[in-house]
Amino acid sequence: DSGVTQTPKHLITATGQRVTLRCSPRSGDLSVYWYQQSLDQGLQFLIHYYNGEERAKGNILERFSAQQFPDLHSELNLSSLELGDSALYFCASSVVGDGYTFGSGTRLTVV
Amino acid sequence: GENVEQHPSTLSVQEGDSAVIKCTYSDSASNYFPWYKQELGKGPQLIIDIRSNVGEKKDQRIAVTLNKTAKHFSLHITETQPEDSAVYFCAASSGAGTALIFGKGTTLSVSS
């Protein structure tokens, strides 16, 4: 157990739907990062939150959004889902940005 | 922005051989270079990292080297074992608070 908790582990949904992925960071970590992992694109950085504030955006689609709550857990919202959004979604947490600890991921399947 | 290239994409070795994975980065401001190991069904796990003020770092059978001038860094695994079989990712960032940019990964297979 890495200390980073992601739920759910698996999610199957239909095109056009909206889902929410949840991440609880390791105790004491203020930074949460979200990554998308697909077979052909590797680990793509989506977004970074630090202590409730958005710090950086990567290749995140406009249909995707995230937030970090006062208790430091984070949610990634994916809407108007397309088949191509099927992937593994990881969150990672860290204290100062280096040495991430990853969760075990959420496998999203859009059918 | 930063771009990280990783080679090879697949690597097969015999147990006991050495394995080398190479990465290049584009942003000269990058100063932190971790390596992650991802086993099937799990999230990536940090195995070793190096910062720009160090040229080499070792941890038992694993070593990482960094050439800042050439903007490349490498992972060396000696005396490979079947349990080393996994996908390995290199990454780079320009320091605290900035996101890690990952290479596309190397699938290492160690046969006994």
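Readers should treat all values here as calculations from the given coordinates under stated rules, not as data from a laboratory. All values derive from a computational prediction rather than experimental measurement. Here Cβ is always computed from backbone atoms with ideal geometry, including for glycine, and neighbour counts include all displayed protein chains.
Dipole of segment A:49-111, Cα-centred, from +1 at each Lys and Arg C-beta and -1 at each Asp and Glu C-beta, to the nearest 20 debye? In debye, rounded to 20, segment A:49-111 gives about 120. Computed over every Cα-Cα pair of segment A:49-111 and binned at 10 Å starting from 0, the pair-distance distribution P(r) comes out as 18, 51, 27, 4 percent.
Using the eigenvalues of the Cα gyration tensor, what equivalent ellipsoid semi-axes result for chain B when each is taken as the square root of five times the eigenvalue, whole Å, largest first?
Working: eigenvalues 109, 41, 29 Å².
The three semi-axes for chain B are 23, 14, 12 Å.
Along its three principal directions, the equivalent ellipsoid of the protein assembly as shown from the Cα gyration tensor extends over semi-axes of 29, 20, 16 Å, largest first. Between B:T69 and B:D27, the C-beta separation translates, for a Förster distance of 22 Å, into a calculated FRET efficiency of about 0.95. Rounded to the nearest 20 debye, the dipole magnitude of chain A is 180 debye, with +1 charges on Lys and Arg beta carbons, -1 on Asp and Glu beta carbons, and the Cα centre as origin.
What does the charge add up to near A:N77, with Lys and Arg as +1, Asp and Glu as -1, over the other residues with Cβ less than 11 Å from its Cβ? Taking every other residue near A:N77 into account, the sum is +2. Within the shell of other residues whose beta carbon sits under 15 angstrom from the beta carbon of B:G103, the net charge comes to -1, with Lys and Arg scored +1 and Asp and Glu -1. So if I take the centroid of the Cα atoms in segment A:21-71 and the same for segment B:51-77, what is the distance between those two points in Å? So the two Cα centres are separated by 28 Å. Computed about its Cα centre, the charge dipole of the protein assembly as shown is approximately 160 debye, with only Lys, Arg, Asp and Glu carrying charge at their Cβ. Between the residues B:I48, A:L108, B:T98, the greatest Cα displacement towards the positive end of the dipole of the protein assembly as shown, with unit charges on the Cβ of Lys, Arg, Asp and Glu, is found for B:T98.
For segment B:1-65, the Cα gyration tensor yields ellipsoid semi-axes of 21, 15, 13 Å (square root of five times each eigenvalue, largest first, whole Å). Here r is the Cβ-Cβ distance between B:V20 and A:V96 and R0 is 35 Å; the resulting FRET efficiency, rounded to 0.05, is 0.70.
Electrostatic tally near B:D17: other residues with Cβ closer than 15 Å to its Cβ, Lys and Arg +1, Asp and Glu -1, net -3. For the residue pairs A:K9/B:K58; A:K57/B:K104; A:K9/B:K22; A:K9/B:K71; B:K37/B:K68, alpha carbon separations beyond 29 Å are given by A:K9/B:K58; A:K9/B:K22; A:K9/B:K71.
Given R₀ = 35 Å, FRET efficiency for A:T13-B:N3 by Cβ-Cβ distance, to 0.05?
Working: r = 32 Å, r/R0 = 0.92.
Step by step, r from the Cβ atoms, then E = 0.60.
Normalise the Cα radius of gyration of chain A by 2.2 N^0.38 Å (N = residues in it) and let me know the number. Display every interim value, and only then the final one.
Numbers: Rg = 13.0 Å, N = 111, 2.2 N^0.38 = 13.2 Å.
Working it through for chain A, the quotient is 0.98.
For chain A, set up a Gaussian network in which alpha carbons nearer than 10 Å are linked by springs, and say which option among A:L83, A:L21, A:L46 fluctuates the most. Maximum among the listed residues: A:L83.
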